[in-house]
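Please treat every number below as a calculation from the coordinates, not as lab data. Source: prediction; values computed, not measured. We place every Cβ from the backbone using ideal geometry, glycine too, and count neighbours over all the protein chains shown.
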Amino acid sequence: MKLELIKSAHAVGESNFHIQLTPAFRQDIFSDGNVAELTLAYIIEKLNELKVVLVGYGFGPDHLHLFLANVRFVGEIEMVRQIKGYSSYKMRKHFSGFFKNKLWGKKFWSEGHFYRSVGAVNYETMKKYVSESQEKHWEKIEKPKITEFQKKIIEF
């Protein structure tokens, strides 16, 4: 799939993301293909509403990778909030029987998410980002240290 640069009256560019979402309590609810398929269907509904293109996806038993393009009309945080909220509501309302022994209360997703802004998205880059995120998912990042090679913007 070739994606074109997005053009508007005052800007040209692209905005692509790799998003990783995790079910509440890191449960393996996506081992059930029905849960994975239905969750993805609700996420796609919301992405269509937000005018975001789903380029690729992948499920692990306890997480979901989404590769998204054309993220222009909504910010990354708001987009994730909306897809998690909508899919959680729909899954708990209509299909809670599939996962009621693993998830309880009003939780479907964990509170956080992993995201990375990515360049052009194709099979090779998706594979690379997925393998890299497996090691880094949910790690706390320490405050970066300034090295002798880094400069402040005003020093350029």
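Things to note:
- Local electrostatic count, A36, Cβ distance below 13 Å [Lys/Arg +1, Asp/Glu -1]: -4
- Between K106 and R92, the contour length at 0.36 nm per residue exceeds the alpha carbon distance by 4.3 nm.
- With both labels modelled 7 Å from their Cα along Cα-to-Cβ, the S8 to A41 distance reads 3.3 nm.
- Distance (nanometres) between label positions extended 7 Å along Cα→Cβ at S131 and V74: 3.2 nm
- If the chain linking S15 and S117 were pulled fully straight, counting 0.36 nm for each residue of separation and taking away their Cα-Cα distance, it would gain 36.0 nm.
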